[in-house]
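Asker: Structure incoming, see below.
The values are calculated or read from the model by the stated rules, or taken from the named source; none is laboratory data. Note that the coordinates shown come from a computational prediction; the quantities given were computed from them, not determined experimentally. Note: ideal-geometry Cβ built from the backbone for every residue, glycine included; neighbour counts use all protein chains shown.
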Amino acid sequence: MSTKKVTKIGVLTSGGDAPGMNAAIRAVVRTAIYHGIEVYGIVRGYNGMVEGDIFKMDSKSVANIIQRGGTILKTARSAAFFEPEGRQKAYDNLKKFGINGLVIIGGDGSFKGAQKFSNEFDIPCIGLPGTIDKDIAGSDFTIGFDTAVNTAVEAIDKIRDTADAHDRLFVVEVMGRDAGYIALHSGIATGAENILIPETKTDIEELIASLTEKEKRKKLVNLVVVAEGDELGGANEIGAIMKTRLPNADIRICILGHIQRGGAPSCLDRLIASRMGFHAVECLIEGRNNVMVGIVNNKVHYTPLDNAVKAKQKISQDWFKIVKILAS
Ligand code: F6P
């Protein structure tokens, strides 16, 4: 806890953009103004801090953005900020503007940077989990995940139509970096036969056996959803194995890619972003430091940034049972 009064807040988005980041920025700006605190937008993540690309925001700066994907503050993965000289420059720039509190909207890489920075300098940092990957402990949701999953579901439903028309087997790759949540959620929601994720060891023999069995009984549509981070590789690698092992199957590969990062945020993402942004400012007013604002069991939950980064969310075994039974 810090006893210093926060009078000027800086807000930035960092790492991969995620739908709902704008809603979070809006919430931070408007809550701060409500409390009589000045707010500054920092452009292109930590790069803007290092380079002094910082501007004052008012209520109007965040008008008409709650429904927009991307981030009005732009984002980047900053190499400079990971160097001590970069962080010193960033601190000097914050001092110039009189900024004495930060809200960082981003993923675990962004939190690592915040943690380092606030240990070195006397600036309280509050993190908001903004990533489509949902790979952060301490929150049931991350800003952007719900929209990304819905985008993937919409795309996979369309793939199902054409797969059905041609009796084809599709291997669809979704994002998630080292996490399989987008694959798991979108795979179950689209009735995929198999879902391959990095959290479990992919048994290729079992996969081939199950697809061979489905081929024999002429199951019409076969969808395999693979997370980009699966230990056996993405759709290209898995598809190549399948083409050799299932010579009679008509196999196509589809990599959904960055469409999962764009688009208007879902209602859930707008809602959690608004709640988290509001509480981030309250946290700074209360003197909290180095915590991430999450939502657990529909209640606001604070996790030390350190724990949010180190611990990963755990995937319950129940999910796999559900996939196996429902996709038969
Ligand atoms: O972390 C978000 C994410 O979209 C991951 O799912 C993906 O692996 C990565 O970012 C892609 O990063 P880039 O936009 O740099 O290609």
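Asker: Looking at the stretch 10-20 only, could you name the residues that are under 21 Å from residue 270 (Cβ atoms) and either more than 12 Å from the ligand (Cβ to nearest atom) or out of contact with any helix residue (DSSP H, G or I) (no Cβ under 9 Å at 6 or more places or on another chain) (or both)?
Answerer: Passing the criteria: 11, 12, 13, 20.
Asker: Now for a different question. Is it the case that residue 153 is within 17 Å of residue 19 (Cα to Cα), within 14 Å of the ligand (Cβ to nearest atom) and not hydroxyl-bearing (Ser, Thr, Tyr)?
Answerer: No, not satisfied.
Asker: State which residue pairs qualify: first residue in the same structural domain as residue 186 (by TED's automatic domain parsing) and inside the stretch 240-269, second residue of a type in the set (Asp, Glu) and assigned to a strand (DSSP E or B) in any location, beta carbons under 9 Å apart, and separation of 6 or more residues or different chains.
Answerer: Once the first residue is in the same structural domain as residue 186 (by TED's automatic domain parsing) and sits in the stretch 240-269, its partners that are of a type in the set (Asp, Glu) and assigned to a strand (DSSP E or B) give 253/173; 254/173; 255/173; 256/173; 257/173.
Asker: How many residues does the stretch 273-311 contain that are assigned to a loop (DSSP other than H, G, I, E, B) and either more than 12 Å from residue 139 (Cβ to Cβ) or touching a helix residue (DSSP H, G or I) at 6+ places or on another chain (Cβ under 6 Å) (or both)?
Answerer: Residues of the stretch 273-311 assigned to a loop (DSSP other than H, G, I, E, B): 287-290, 297-298, 311.
Checking which are either more than 12 Å from residue 139 (Cβ to Cβ) or touching a helix residue (DSSP H, G or I) at 6+ places or on another chain (Cβ under 6 Å) (or both) leaves us with 287-290.
Number satisfying all stated conditions: 4.
Asker: Tally the residues that are within 16 Å of the ligand (Cβ to nearest atom) and in a strand (DSSP E or B), restricting the search to the stretch 62-108.
Answerer: 3
Table: residues versus (1) within 21 Å of residue 1 (Cα to Cα); (2) at pLDDT below 95.
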position: 87; (1), (2): no, no
position: 93; (1), (2): no, no
position: 105; (1), (2): yes, no
position: 108; (1), (2): no, yes
position: 119; (1), (2): yes, yes
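Asker: Of 201, 243, 158, 216, which residue is away from the ligand (no atom under 15 Å from the Cβ), under 22 Å from residue 263 (Cβ atoms), surrounded by fewer than 21 Cβ atoms within 10 Å (Cβ to Cβ) and of a type outside the set (Val, Ile, Thr)?
Answerer: From the options 201, 243, 158, 216, the qualifying one is 158.
Asker: Only one of these is more than 29 Å from residue 176 (Cβ to Cβ) and either out of contact with any Ser or Thr (no Cβ under 9 Å at 6 or more places or on another chain) or touching a residue at least 24 places away in the same chain (Cβ under 8 Å) (or both): 26, 30. Name it.
Answerer: That would be 30, the only listed residue that is more than 29 Å from residue 176 (Cβ to Cβ) and either out of contact with any Ser or Thr (no Cβ under 9 Å at 6 or more places or on another chain) or touching a residue at least 24 places away in the same chain (Cβ under 8 Å) (or both).
Asker: Next question, about the same structure. From (1) within 16 Å of the ligand (Cβ to nearest atom); (2) more than 19 Å from the chain's Cα centre (by Cα); (3) at negative phi, pick out the condition that doesn't hold for residue 225.
Answerer: Condition (2) is where residue 225 drops out.
Asker: Moving to a separate point now. For residue 142, indicate whether it is closer than 30 Å to residue 271 by Cβ, surrounded by 23 or more Cβ atoms within 10 Å (Cβ to Cβ), out of contact with any helix residue (DSSP H, G or I) (no Cβ under 7 Å at 6 or more places or on another chain) and touching a residue at least 12 places away in the same chain (Cβ under 8 Å).
Answerer: Criteria met by residue 142.
Asker: One residue is enough: does the stretch 164-182 have a residue meeting the conditions among the hydroxyl-bearing types (Ser, Thr, Tyr) and either more than 29 Å from residue 216 (Cβ to Cβ) or under 15 Å from the mean Cα position of the chain (by Cα) (or both)?
Answerer: Yes; the residues of the stretch 164-182 include at least one that is among the hydroxyl-bearing types (Ser, Thr, Tyr) and either more than 29 Å from residue 216 (Cβ to Cβ) or under 15 Å from the mean Cα position of the chain (by Cα) (or both).
Asker: If you don't mind, another one. Please go through (1) surrounded by fewer than 24 Cβ atoms within 10 Å (Cβ to Cβ); (2) in a loop (DSSP other than H, G, I, E, B); (3) of a type outside the set (Phe, Trp, Tyr) for residue 33 and return the number of the only condition it doesn't satisfy.
Answerer: (2)
Asker: Among the residues of the stretch 109-150, which ones are assigned to a helix (DSSP H, G or I) and away from the ligand (no atom under 16 Å from the Cβ)?
Answerer: If the condition is that a residue be assigned to a helix (DSSP H, G or I) and away from the ligand (no atom under 16 Å from the Cβ), then 114, 115, 116, 117, 118, 119, 120 are the ones that fit.
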